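Structure, as C-alpha cells:
Coordinate-derived values only; no laboratory data. In this text, all values refer to a predicted model and were calculated from it rather than measured experimentally. Reconstructed Cβ throughout: ideal geometry from the backbone, glycine too, with neighbour counts over all protein chains shown.
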There are 2 protein chains.
Amino acid sequence: MAFLSSRGRYAINALEEDDVLADKIIRSGRQVIKMNRGDPPAYFKTPEYIIDAYIEALKENRTGYSDATGIHELKEAVSARYKRLYGINFNPGKVTITQGVSEALLFLNSMLINSGDEAVIFRPYYTQYLPDLEFYGGKAILERYSEKDNWNVDLDGLEKSIKKSIKRKRKAKYLIITNPNNPTGTVLDLKVLKEIVELSKNYGMILVSDEIYDEIVYNGAAFTSISKIAKGVPHMILNGSSKVLDSTGFRIGYMIIPEEDKRSLEMNAEAKNLSRVRLSSNTPAQYAVAAGLRNVVAHQQAVRSMVNEIAGRVNFASRLINESKYMNTVKPSGAFYIFPKLDMKMLKIKDDKEFVDRLLEEECVQVTRGSGFGDPGHIRIVSLPPKEILETAIGRIEAFCKRHSR
Amino acid sequence: MAFLSSRGRYAINALEEDDVLADKIIRSGRQVIKMNRGDPPAYFKTPEYIIDAYIEALKENRTGYSDATGIHELKEAVSARYKRLYGINFNPGKVTITQGVSEALLFLNSMLINSGDEAVIFRPYYTQYLPDLEFYGGKAILERYSEKDNWNVDLDGLEKSIKKSIKRKRKAKYLIITNPNNPTGTVLDLKVLKEIVELSKNYGMILVSDEIYDEIVYNGAAFTSISKIAKGVPHMILNGSSKVLDSTGFRIGYMIIPEEDKRSLEMNAEAKNLSRVRLSSNTPAQYAVAAGLRNVVAHQQAVRSMVNEIAGRVNFASRLINESKYMNTVKPSGAFYIFPKLDMKMLKIKDDKEFVDRLLEEECVQVTRGSGFGDPGHIRIVSLPPKEILETAIGRIEAFCKRHSR
C-alpha cells in the first residue's frame, strides 16, 4: 500500500517540471534562457506607485493578519475597477481575496467538486485546471479551442458532450474559460462568449472566467469580461494583480461571484469559509494592490507602456516562428504567450516532452511542453524577454530543429 | 442533492466565526476588545530590521514569482536557525516554504490522508487541526492533554487507542502536537516528548510537531524541539515567522522533513510538488523573513523584549482569572493564550458557545469558545493586549458571569 495519499499524483505543474534540470545547468556555469514562467516582473519593473504603496503599508505597521476574506479597501477597489472598466456593479462583499488565482482555482474545485463530479475544460488549458480538478476527485469533460479557428471555442460537440455527461448522471458542475487565453494568446469572440453564457445557463453549469490577462490585449482585439454579458447567470470571475499590475510575487488574486441566485450566494459564502481556513493573505501586499487599482491615471500609463512593449515582442517572436518550416503559430492578440505547433513529422524526436527536455539540455532554452496544457505537439514560449533574447532563443530552437530534422 | 461539495462542512474556523457579529457591533459605534486572534503585530510593532529588509527587497524589485518551494536564502536561514537554536543539522533542501503554517497543515493532510485514514490529535487542539484533517476525508483519534496534569499529554490510553485503530485496519498516519501549546500555553515535558517519539516510532506514525511559538517561552519553562530528540524517526516540524518574528500578515511558514528514510524523502518531495501547484509564496516577504532569521543579534533583542512583555501580560491576566470564582486556569508558560475552565454549574448559560456569543453582544469582549478547540466548557483568551485592557476585559467577563450566575 502506498504511503502517500492517492491525490498526490495530481500535485503536478508542467511549467516547473524542468526547473531542477535548468538549475543544474545553471550551476554548471551555463546560462539558461528561461521562457517557461509568465512572470512580467522579470522583465518589467513593477510600477513605482505600487511599490510605494507597499512600502507605506509596511511603514504603517500593516503587518498583522488581515480579514481572512481580504481587506475592505481592496474589495472596494476591485468593485470600482469593474464598474470603471466594464460598467458593472457589484457589492464589495462579492469579492474574496485569494493568494493568487492559483488559490482561487483550489477554492473553486474544493467548493464544487465531490468525487466523480465533472467540469468542462477546453484544451489547450492553463496547466493547473486539469490537475486541480482531479486533485479534488473531479473528472474533466475535455473540449477544444480550435487552432484553425484562431483558437476560438469549438462549439460543435460541446453541447453534445454536456448531454452525454448528463446521461452518465454526472452533470458538469462548471465550465471554465481563460480569456485572454494562456497558452494561446487568443481573445475570445463576443459571439462565442454569448453562446457559452447561453450553454452554461441552459445546463446549469457555473460559468468560470479566468480573466487574469484582461488588460493585456493588442493587435486590435476587443476583450469582453464575462461579467458584462452573464447578468442573471451564476458565474465566477477569477482575476488578480499578477499580470496586469505586474506583481506575480505578491500572490494577490481575487474571486468575484456577483449574482444573487441561491447557488451564487452559497458559493460566495463558501469562498469566504475557505479563506478563513488559512487565516489571511499577505496584508501589506493587499494595500499595495488596492493602491494599484485605485490610482487609475498612473495605472493606465504603466499598463499601456507595458502592453505596447509586450505586443511588439510577441509580434516579433511570432513572425520569427512563422518563418520556420518546423513550426507555425496563430498570432496572439492577448497575454504574452506563443503556442506554436511543431511539425513533428519533420523531426526525429518522439514528442513535445522530448523536444522540450533536449532543447533545454542542448540549447539552454527552457520552454514548456504543449502536453502540459493538454495539447501535445506544441510548445509554449513566454514572449516577455526583449527582442534580442527572443531572437537568440528562437534562433536556437530553429538550429535545434534543423539538427534533429528527418 | 446539495450543490456544494460535501467537504465544505469542514471549511470552518472557530476563531473567526464571531467576526461578522463583532464587525456589526463596531459599525454600530461600539468598541470591541478583540481577544480572538493570536496576532502579535496588533500589539507589538514588527521589528524595524525586518521591515527594512522587506522594503529593501521591494526596492530591489524582488516582486516576481520565487521558486515555488521557497527562496534558497530563506531555506538556508531556516537551516542555520535550527543549528543555532537546537544544534541539529539538515540540508536547506529539507525545508519547504509555505504560506503560513495554515498552508503547511493543508499540505500535511493533503499528502498523507486518503478517505478514512486516521491521525492522532490531542484535545484541546489548535482549531484547524481537526477540520483540516476531515476536509481531506480523514478521521481523528482524539486523545487528551490533561488539564489536571498542567495540560501535558495524557499518555494513558494513547497507546490503547492506537492499537484500536490498527484493529480497525486504520493505522494512524500521523500524530500531531503543538509545543508550546495553543490554546493552553503549555510547554511539554521532555519526558512526555520522548515517550511520544517512542510511540510514533513503534507504531510507524509520522510525528508532526507544530513549534510556531518555540521562542515564546517564560516562567522558567524549557522548550525542546522534536527535531532534537527524534533523530532516526520520521517527523515533520511546522514553524514560521508569524509569532516569533511578529509578522502574522506576511504569511511565511515552513515545513521541515529532515530525515533520510524512504517515507521522509517521499513526504519532502511531495511537499515540493504541492508547493508548485500554487506557484509561489509572497516573494519580498521571504527576503524579509530570511533577514529576520539571519540577523541574530537584532532578533534576540527584539524577541526577548517581546517575550518579557508577553509573560507579564499573561501572568497578570492569569492571576485575575484565578481570582474569579467562575473560572480558573492553569498558568501558561509559553505562547500567549489563556484557556480557563468555566464553572458552568454556576452559570445560567447553556454552553461555551452561548457564553462567547453573549459576552460579545453584552460586553463587547470577543474571545473564542473552547469547543472550537475540542474542549467545551472553556474559553480561549488572547493575552496580548496591555494590562489595562486585559484588566478591563477580564473585569467585564467577571461582571458578565455575575449577571448570569445561578
At q = 0.08, 0.12 Å⁻¹, the log10 of I(q)/I(0) for the range B:64-295 from a Debye sum over equal Cα scatterers comes to -0.27, -0.62
Heads up, the range A:186-245 by the C-alpha gyration tensor (a ≥ b ≥ c square roots of eigenvalues; a/c under 1.5 rounded, else a/b over b/c prolate, else oblate) looks oblate
Computed over the range A:104-233, the relative contact order (Cα-Cα under 8 Å, seq sep at least six) in percent reads 23
Summing -39500 (n - 2.57) over every DSSP H run of at least 4 in chain A, dividing by its residue total and rounding to the nearest 500, the 222 nm mean residue ellipticity is -13000 deg cm²/dmol
Between the residues B:Thr248, B:Thr224, B:Leu293, the Cα farthest towards the positive end of the dipole of the range B:64-295, that dipole coming from +1 and -1 charges on the beta-carbon of Lys, Arg, Asp and Glu, is from B:Thr224
Mean other chain Cβ within 10 Å across B:38-48 is 3
Computed for the range B:154-238: size of charge dipole around the Cα centre, +1 on C-beta of each Lys and Arg, -1 on C-beta of each Asp and Glu, debye to nearest 20, value 840
What the Cα atoms of chain B span along the principal axes, largest first and in whole Å, is 59, 58, 52
If labels are modelled 7 Å from Cα along the Cβ direction, B:Gly377 lies from its partners in the other copies at nm distances, smallest first, of 7.0
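Could you size up the charge dipole of the protein assembly as shown around its Cα centre, putting +1 on the beta carbon of Lys and Arg and -1 on that of Asp and Glu, and report it in debye to the nearest 20?
Values: 118 positive and 102 negative charges, 345 e Å.
Dipole of the protein assembly as shown, to the nearest 20 debye: 1660 debye.
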If amide H atoms are modeled at 1.01 Å from N in the peptide plane, then the residues at a separation of 5 or more from B:Ile349, or on another chain, having amide H under 5 Å from its own are none
With +1 at each Lys and Arg Cβ and -1 at each Asp and Glu Cβ, the charge dipole magnitude of the range B:64-295 around its Cα centre, to the nearest 20 debye, comes out at 560
Listed by chain and number, the residues whose amide H is under 5 Å from that of B:Arg123, excluding neighbours fewer than 5 places away on the same chain and using placed H, are B:Glu143, B:Arg144, B:Tyr145
Scalar couplings 3J(HN,Hα) for the range B:231-238 by Karplus 6.51 cos²θ - 1.76 cosθ + 1.60 (θ = phi - 60°), nearest whole Hz, x for Gly and Pro, are 3, x, 10, x, 8, 9, 9, 10
So the FRET efficiency between A:Lys228 and B:Lys194, C-beta based with R0 = 56 Å and rounded to 0.05, is 0.30
Going through A:Lys139/A:Lys194; A:Lys160/A:Lys201; A:Lys24/B:Lys272; A:Lys94/A:Lys243; A:Lys45/B:Lys59; A:Lys75/A:Lys243 one by one, the pairs whose alpha carbons sit over 20 Å apart turn out to be A:Lys139/A:Lys194; A:Lys94/A:Lys243
Distances in nm between the label point of B:Val20 (7 Å along Cα→Cβ) and its equivalents in the other copies, shortest first, are 4.5
Checked the range B:18-159 with the C-alpha gyration tensor, a ≥ b ≥ c its square-rooted eigenvalues, rounded below a/c of 1.5, otherwise prolate if a/b is larger than b/c and oblate if not; verdict oblate
Straight-line reach check, B:Lys402, cutoff 25 Å on alpha carbons, 8 or more apart in-chain or any other chain, hits among lysines -> B:Lys34, B:Lys325, B:Lys331, B:Lys341, B:Lys345, B:Lys348, B:Lys350, B:Lys353, B:Lys387
Once the in-chain neighbours fewer than 8 apart are removed, the aspartates and glutamates whose Cα is under 13 Å from A:Lys169 read A:Asp117, A:Glu118
Mean Cβ-within-10 Å packing, highest first, puts peptides B:337-346, A:206-215 in the order A:206-215, B:337-346
On the formula 1/(1 + (r/R0)^6), with r taken between the Cβ atoms of B:Arg406 and B:Leu155 and R0 of 30 Å, the FRET efficiency rounded to 0.05 is 0.25
Note: A:100-113 gets an average of partner chain Cβ contacts (10 Å, Cβ to Cβ) equal to 3
Distances in nm between the label point of B:Arg403 (7 Å along Cα→Cβ) and its equivalents in the other copies, shortest first, are 8.1
Going residue by residue through the range B:215-220, the Karplus relation 6.51 cos²θ - 1.76 cosθ + 1.60 with θ = phi - 60° gives ³J(HN,Hα) values, rounded to whole Hz and with x marking Gly or Pro, of 9, 9, 9, 7, 6, x
For B:Lys231, the aspartates and glutamates lying under 13 Å Cα to Cα, once residues fewer than eight places off in the same chain are dropped, come out as B:Glu198, B:Glu259, B:Glu260, B:Asp261
Dividing the surface of the Cα convex hull of the protein assembly as shown by four yields a projected area in nm² of 33.6
Long-range amide H partners of A:Tyr254, meaning residues 5 or more apart or on another chain whose placed amide H is closer than 5 Å, are A:Thr98, A:Asn239, A:Gly240
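Can you give the FRET efficiency for B:Leu85 and A:Asn61, using 1/(1 + (r/R0)^6), R0 = 22 Å, r = Cβ-Cβ distance, to the nearest 0.05?
Once rounded, the FRET efficiency stands at 0.25.
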The ³J(HN,Hα) series, computed from each phi in the range A:371-381 with the Karplus coefficients 6.51, -1.76 and 1.60 at θ = phi - 60°, rounded to the nearest Hz and given as x for glycine or proline, is 5, x, 10, x, 9, x, x, 10, 10, 9, 10
